[in-house]
Amino acid sequence: GAEVVFSVDCAKLKEYFLPGDREFDRIYFNFPHCGRKAGVVKNRELLGRFFRSCADVLAEEGEVHVALCNGQGGTPADRPPREWHNSWQIVAVAAGAGFILSHVHPFEAETVHGYKCTGYRSEDKSFCVEGALNHIFTRSTPPPCFTPVSCKTQVGSQKVSFQVPQVLVDKINRGFLELNSSHPVRTIKEKLSAGLSQAFPLQNTNSCLPLLHQGHPDGVCHSNLFWITLSPQEAPSTEDKSQGLENTVLFSHFGQDTDKKMQEGCPIPKQFYLRPSLLPHAQAMIKKEAFSPGTIHVLSGPVFRKCRISPHSMPVFHEMLVVLAVSRGTENSCVQMLVDNIQTTTNSLHQAVSGIKPSISLQEATGLETELNDFAAFERQLGEIQHFICVGTEPDPSGSCVGVIRTASHGLKSSELVVVSASLNLDLLAMLLCGISDWRMLWTWDRRFLRQFPEGELRLFQSFSIYPPSYVHDVSFWLPDGEQFDEVAFHTLARRVSGEMVVSIQLRDSFQQPGTGRRSLCYRVTFQSCDRALSCREAAEMQLHFREEMQQHLGVTLR
């Protein structure tokens, strides 16, 4: 009952089917080849034309199946894998047409009814399919369009709007913690809250917490903050500013230089920054006595921190802050109760997802400087820490820091009370519990991610984009004379220019020119997407744009 069409050019599929007949659910191309002694380059070109042609006739959620002989594809699934330059590079070629590799499995001709391997031109020369693989491709989400985004927030009694930093435009107001969300970070937050509510009276703070803080926080490296400048018509009045400061106190709002300027009567610049922590909001609650001793108060929301690029270093994540006032002398037992409760809930979640019990440990804050991840290192800037909460799962049973615990007595009217707080990185917890290897996947727009967590059910994540191609570029430049190089700004610029397509930046060489003392750095930049197609051409264009932006914004001289 099938229609058979002969003499079809695989590079011009839409020419053989009417528009109404083009929505194919499956397109199969078994063992494509240019013929004769065609080399890998010509066969790559054939595949490239074929994939671009498929994009014209494939249904939105359709699949393209391409069977290749062992080693031709150039993926780790080949046994043994062939050298990349000597393969057909099928994943990179497909990316040029907007496809990602979603599955690979052995090609088994005997399982297909009526399929016969006839050999070379039906002659006795056999066609070897041993170790052959079937590669299944699906459509990628389109490249993001980073148009400028404005956001409104409260400063004191006045609403102000500001332009969101470009690196964060696709991450602002995503609503992952809202009631109708099935995102893993919300599920984990709700499960942890439910566990805590069994041990303590619990109150969720659902009010809209301001996104902006004002001033210069002491102890925090300024290059780690996303600074925001309001236009004059948007800047709050002096009265509103004082109210805003009261609501968003951060240890000390102004640094020593700013305090000195205030004492000398100098004007203070209207500087704001995206909140790096929810701790100031808890401190404001304590100061205003909106805080019930013996009751756990839970605050949650996204926080923003500039950081270096790595699979576990995120410029934005969802923080869950648990705050409890207890009688002085009982804080240590309270800390242990909190950790035991978090451990019980996390164990239950992880065993339900993977069947493996994680190791959760409470580690003293002293002596861990060399082992801190970016989350823990920044938390240390915010104030004194008593303990780190570490969760260990395979393949890293030693543990990754996902939370910190503090105890403090300042801000309380009663000297008999001590505040215990636990700050948890919900995104890191979601990655560890669900087996997500790259933080960027949590923010993907591809609907296949959330489909794996129906109605908030936590499951072991199965990536829909496997063996994504990576593209390596080096960049070398002279530093401005006498200036320190801000590596965090360098990484943040790479994030912005590439739209989070840079997965790694490694220092390859540092050189100081004899005589002049000029210093040069060479970095290796690796482009790779975890959830969408990224072609070689796109990566090269990003690299060129990155070089231009480096000269303009970092003041370096390219070599």
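Quick notes on this structure:
- Which listed residue is in contact with a Ser or Thr (Cβ under 8 Å, 6 or more places away or on another chain) and in contact (Cβ under 8 Å) with a residue 24 or more places away in the chain, from Phe176, Phe146, Phe99: Phe99
- Set Gln506, Gln484: member being without any contact (Cβ under 8 Å) to a residue 40 or more places away in the chain, more than 22 Å from Asp438 (Cβ to Cβ) and open to solvent by 40 Å² or more (accessible area, probe 1.4 Å): Gln484
- Test: residue in segment 129-152 that is open to solvent by 70 Å² or more (accessible area, probe 1.4 Å) and assigned to a strand (DSSP E or B): yes
- Some residue of segment 8-18 being of a type in the set (Ser, Thr, Tyr), more than 16 Å from Ser535 (Cβ to Cβ) and at pLDDT 95 or above: no
- Breaking point among (1) assigned to a strand (DSSP E or B); (2) without any contact (Cβ under 8 Å) to a residue 24 or more places away in the chain, for Glu60: (2)
- Gln543 vs. criteria crowded, with 20+ Cβ neighbours inside 10 Å and either in contact (Cβ under 8 Å) with a residue 12 or more places away in the chain or out of contact with any strand residue (DSSP E or B) (no Cβ under 7 Å at 6 or more places or on another chain) (or both): yes
- Comparison of Ser197, Ser126 shows that the only residue that is open to solvent by 80 Å² or more (accessible area, probe 1.4 Å) and modelled with pLDDT under 95 is Ser126.
Yes/no per residue for (1) out of contact with any helix residue (DSSP H, G or I) (no Cβ under 6 Å at 6 or more places or on another chain); (2) modelled with pLDDT of 95 or more; (3) farther than 30 Å from Leu521 by Cβ; (4) of a type in the set (Ser, Thr, Tyr):
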| residue | (1), (2), (3), (4) |
| --- | --- |
| Ser361 | yes, no, yes, yes |
| Ala377 | yes, no, no, no |
| Asp427 | no, yes, yes, no |
| Cys434 | no, no, yes, no |
| Glu455 | yes, no, yes, no |
| His473 | no, yes, no, no |
| Ser476 | yes, yes, no, yes |
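To keep it simple, each residue is scored yes or no on (1) in contact with an Asp or Glu (Cβ under 8 Å, 6 or more places away or on another chain); (2) on the phi < 0 side of the Ramachandran plot; (3) open to solvent by 60 Å² or more (accessible area, probe 1.4 Å).
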site	(1), (2), (3)
Ser161	yes, yes, no
Leu179	no, yes, yes
Pro184	no, yes, no
Ile188	no, yes, no
Lys191	no, yes, yes
Val220	no, yes, no
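- Flag for His103 being open to solvent by 20 Å² or more (accessible area, probe 1.4 Å), under 15 Å from Tyr28 (Cβ atoms) and of a type outside the set (Val, Ile, Thr): yes
- Subset tally (residues that are touching a helix residue (DSSP H, G or I) at 6+ places or on another chain (Cβ under 8 Å) and closer than 19 Å to Ala97 by Cβ) for segment 539-559: 1
- Screening segment 276-322 for residues that are of a type in the set (D, E, K, R) and open to solvent by less than 20 Å² (accessible area, probe 1.4 Å) and picking the one that is farthest from Ser423 (Cα to Cα) gives Arg305.
- If you check Val112, Val155 for being touching a Pro at 6+ places or on another chain (Cβ under 6 Å) and modelled with pLDDT under 95, only one passes: Val155.
- Residues of segment 198-218 satisfying the condition of being in contact (Cβ under 8 Å) with a residue 60 or more places away in the chain and among the hydroxyl-bearing types (Ser, Thr, Tyr): Thr205
- Which numbered condition His85 misses (of (1) at pLDDT 90 or above; (2) touching a helix residue (DSSP H, G or I) at 6+ places or on another chain (Cβ under 9 Å); (3) exposed (fewer than 15 other Cβ atoms within 10 Å of the Cβ); (4) farther than 21 Å from Asn43 by Cβ): (4)
- Among the candidates Glu45, Glu130, the residue that is of a type outside the set (Gly, Ala, Ser) and closer than 26 Å to Leu534 by Cβ is uniquely Glu45.
- Pick from segment 509-540, criterion of a type outside the set (A, V, I, L, M), assigned to a strand (DSSP E or B) and over 21 Å from Glu483 (Cβ atoms), ranking: most open to solvent (accessible area, probe 1.4 Å): Arg524
- Residue satisfying all of: in segment 10-39; in contact with a Phe, Trp or Tyr (Cβ under 8 Å, 6 or more places away or on another chain) and without any contact (Cβ under 8 Å) to a residue 40 or more places away in the chain; most open to solvent (accessible area, probe 1.4 Å) among these: Phe29
- Scanning segment 330-344 for residues that are open to solvent by 20 Å² or more (accessible area, probe 1.4 Å) and assigned to a helix (DSSP H, G or I) yields a count of 9.
The values are calculated or read from the model by the stated rules, or taken from the named source; none is laboratory data. None of the values given here were measured: they were computed from a predicted structure. Here Cβ is always computed from backbone atoms with ideal geometry, including for glycine, and neighbour counts include all displayed protein chains. Calculation scope for accessible area: heavy atoms of the full protein, side chains included, ligands and nucleic acids excluded. Shrake-Rupley method; radii C 1.70, N 1.55, O 1.52, S 1.80 Å.
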